[in-house]
Amino acid sequence: MRIRHRINPQTFVITLNQIAKYLNIDPWRILNWEKWHNVLWVHIQGRGGYFVSYRNLEQWIAACRTLIRFCPNREALNLLWSLIQQEAQRYTKQVWDRLQAIYQQRYTQLSKRSMVI
């Protein structure tokens, strides 16, 4: 199983302004954009077609954060984390660092909880 089987990017609400901010361009330069199965396709004036990985959008990070925070124990968390790690090369360093911090925070919470019991 892969993490993309637990997260459905087609449910993400993505706006033109979000795409422009991510690409660091003016929104008027985006001529068209489409949600494809694995990537977001953006047609940029003067640049042509451009692919954006869902994994680098804030919605993906939020979905991962939700999955991590709802792991009931360390075993479930480690299983989920192994799925995320399988795709580590698909993330930017900034996104990967954020995901690691979210994982570490949840792991610490679950470790403290197991020590109390």
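The numbers here are math on the coordinates, done by the rules we state, and not lab data. If you're wondering where the values come from, they're calculated on a predicted model, not measured in any experiment. Reconstructed Cβ throughout: ideal geometry from the backbone, glycine too, with neighbour counts over all protein chains shown.
Some observations on this one:
- Estimated D of the chain in µm² per second, where Rh is the Kirkwood radius over Cα pairs and Stokes-Einstein applies at 20 °C, 1.002 mPa s: 137
- Cα gyration tensor category, rounded, prolate or oblate, for region 56-116 with a/c compared to 1.5: prolate
- Take the Cβ atoms of K35 and S114, set R0 to 35 Å, and the FRET efficiency comes out at 0.30.
- From phi via Karplus (6.51, -1.76, 1.60), per-residue ³J(HN,Hα) for region 80-88 in Hz, x at Gly/Pro: 4, 5, 5, 5, 5, 5, 4, 10, 3
- Cleavage-rule hits (chymotrypsin sites (Phe, Trp or Tyr not before Pro)) in region 18-78: DSSP loop, at most 15 neighbouring Cβ within 10 angstrom: W36, F70
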